[in-house]
């Protein structure tokens, strides 16, 4: 499945949960390695890097994922909506 299709399904899922989210668009003026989707759900910050089944994260993406976790947020590489739901469905 294409990353864009996975991303669209994740955004629809976040919307259905009442989460706030933005799609982060990288260009030559933006910070490199920021997760594709930045969200807030029940007061928790969430960074989601979307990859298809063959996609790999870059070292900068890995750094940002870990930095978000160290700051107390939730951050993950999602290859499906199920990856996201596993992380956020238990947030109280």
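What residue, among those in the range 1-32 that are free of Cβ contacts under 8 Å to residues at least 40 places away in the same chain, touching a strand residue (DSSP E or B) at 6+ places or on another chain (Cβ under 9 Å) and part of a loop (DSSP other than H, G, I, E, B), is nearest to residue 71 (Cα to Cα)? Top of the filtered list is 24. Reported count of residues in the range 19-32, each being within 12 Å of the chain's Cα centre (by Cα) and under 16 Å from residue 60 (Cβ atoms), is 1. Can you tell me which residues in the range 34-92 are surrounded by fewer than 14 Cβ atoms within 10 Å (Cβ to Cβ) and assigned to a strand (DSSP E or B)? Once the filter is applied, which keeps residues that are surrounded by fewer than 14 Cβ atoms within 10 Å (Cβ to Cβ) and assigned to a strand (DSSP E or B), the range 34-92 yields nothing.
Rundown of residues vs (1) at pLDDT 95 or above; (2) farther than 21 Å from residue 15 by Cβ, yes/no style:
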position	(1), (2)
36	yes, no
41	yes, no
46	yes, no
67	yes, yes
91	no, no
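A residue that is at pLDDT 95 or above and closer than 14 Å to residue 85 by Cα occurs somewhere in the range 19-31.
The values are calculated or read from the model by the stated rules, or taken from the named source; none is laboratory data. Bear in mind that the values here come from a model prediction, so they are computed numbers and not experimental data. When we count neighbours, we look across all protein chains shown, and the Cβ atoms used for this are built from the backbone with ideal geometry, even at glycine.
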